[in-house]
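Quick notes on the structure that follows.
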Amino acid sequence: DMETTYHYENEFRKFHFSATIGAAKLFDVKDAGDVMTRISIAYQVARQLEKNEPVFFSEDFYADIMRQKEIIARFQRSLEMQEFVIYYQPKVNAEDKSLCGAEALVRWNTQGRMLFPGEFIPILEKDGSICRLDFYVLERTCELLRECMATGLKMPRISINFSRKHIGNPDLAREIISIIDKHKVPHQFIEIELTESEDFKDYVVMAEMIRQLKEQGISTSIDDFGTGYSSLNMLKMTTIDLLKIDRSFIPREEDYPNKKKDCIMFENIANLAKSLGYKVVVEGVETQNQFDYLKAVGCDIVQGYFFDQPLSVDKLLKRV
Ligand code: C2E
Ligand code: MG
Ligand code: MG
């Protein structure tokens, strides 16, 4: 029987038992170390997947777990070696397509390959290292802004992604401000993009952090609204400056004329955010049709391949 949960009840109490099971078939495996490795990997995967059934070892799991371990092991040294490279994707005003901001997006240039965030950020998040990377991106960006100011180049505001893993840090706002001040960058040049967490307690913490940043003139935005945990509570409890609606929330082009459900949802969320005093940013805009629609329904700022790719520092400076 492969059930991993079991309930038992007597006259006094109910009992719920559950098990995480990793298993391996051991036909050709003779070495005791190999036996243990296989079972341990199957168990780690079972824990990560939180499935209610046993997970059997496979070579793919092995490769996956080894890759995760390697990323975590190499992270700190890569950070010191400056292997993390920052690209900046412009944001433009919907009204006149003028440049009004840029988002810092990190890449990992390592062993002759360029890794994209999807390949390493989820792993660094599990391990907590993402927090160091976010501060690194903030530092480098402040340095860049400072250099540009010295040359008289008029830079737009730059937004930095801060992982929800920072929520446990009660000094986050203070640490962010001290980095910005260390580089003598005026606060209005920095925006912090935050994503939501599933935990209601965290709203309170986030709301306080957002308040502290705002008090110091640093803008905040909620990223990826419309996906994952994003919720109306967040709009109610905080005073962010911008709401970034995720590209998966943009209605499909064939739905624009007959205003399907997706359009009704999108337009009302955008209106709600605007009525609450938040600017609406839409990310992942790829076509003229999407842009025309977004502009017509009142979105303030757009970002996406239709306007710009994430740019290297050189290209960003040319663009500015
Ligand atoms: P995000 O913050 O929502 O960033 C937007 C992502 O959408 C970027 O992917 C960007 O390259 C991509 N994108 C922009 N325009 C378009 C478009 O028109 N079409 C499509 N299909 N995609 C577009 P990227 O750079 O791969 O970053 C993925 C995610 O990784 C980011 O999502 C962000 O959550 C995370 N991330 C990136 N850099 C950092 C960082 O320094 N710290 C943290 N904590 N997270 C980061
Ligand atoms: Mg972002
Ligand atoms: Mg986003």
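Nearest 0.05, what FRET efficiency do residue 80 and residue 169 give at R0 = 30 Å with Cβ-Cβ as r? Don't jump to the answer; show the numbers that get you there.
Numbers: r = 22 Å, r/R0 = 0.73.
Result of the calculation: an efficiency of 0.85.
Return the lysines within reach of residue 214: Cα separation strictly under 24 angstrom, same-chain partners fewer than 8 residues apart disregarded; answer none if there are no such residues.
Cross-link targets: 91, 154, 165, 182, 184, 201, 236, 244, 274, 279.
Arrange the peptides 235-241, 297-303 so that the one whose residues have, on average, the most other Cβ atoms within 10 Å appears first. Intermediate results must be reported in sequence, preceding the final value.
Numbers: 235-241: 17.3, 297-303: 20.4.
With the highest mean Cβ count within 10 Å placed first, the list reads 297-303, 235-241.
Along the charge dipole of the chain, pointing to its positive end and built from +1/-1 on Cβ of Lys, Arg, Asp and Glu, which listed residue (238, 15, 186) has its Cα farthest out?
So the residue we want is 186.
Taking the mean number of other Cβ atoms within 10 Å as a proxy for protection, how do you rank 153-160, 243-250 from highest to lowest?
On the way: 153-160: 18.4, 243-250: 20.5.
Ranked from most to least packed, the peptides come out as 243-250, 153-160.
Given +1 on the Cβ of Lys and Arg, -1 on the Cβ of Asp and Glu, and no further charges, what dipole in debye does segment 68-227 carry about its Cα centre, rounded to the nearest 20?
Details: 21 positive and 26 negative charges, 92 e Å.
Once rounded to the nearest 20, the dipole reads 440 debye.
I need the calculated FRET efficiency for the pair residue 27 and residue 139, taking r as the beta carbon distance and R₀ as 45 Å, to the nearest 0.05.
Efficiency at R0 = 45 Å is approximately 0.30.
Between residue 67 and residue 252, what is the FRET efficiency for a Förster distance of 41 Å, r being their Cβ-Cβ separation, to the nearest 0.05?
Working: r = 35 Å, r/R0 = 0.85.
Computed FRET efficiency for residue 67 and residue 252: 0.70.
Between residue 126 and residue 49, 0.36 nm times their residue separation minus their Cα-Cα distance comes to what? Walk me through the numbers on the way to the answer.
Values: separation 77, 0.36 × 77 = 27.72 nm, distance 1.32 nm.
Between residue 126 and residue 49, full extension yields 26.4 nm more.
Every number here is computed from the coordinates shown, using simple stated rules; none is lab data. Remember, it's a predicted structure, so these values are computed and weren't measured experimentally. Every residue, glycine as well, gets a Cβ built from its backbone with ideal geometry; the counts of neighbours run over all protein chains shown.
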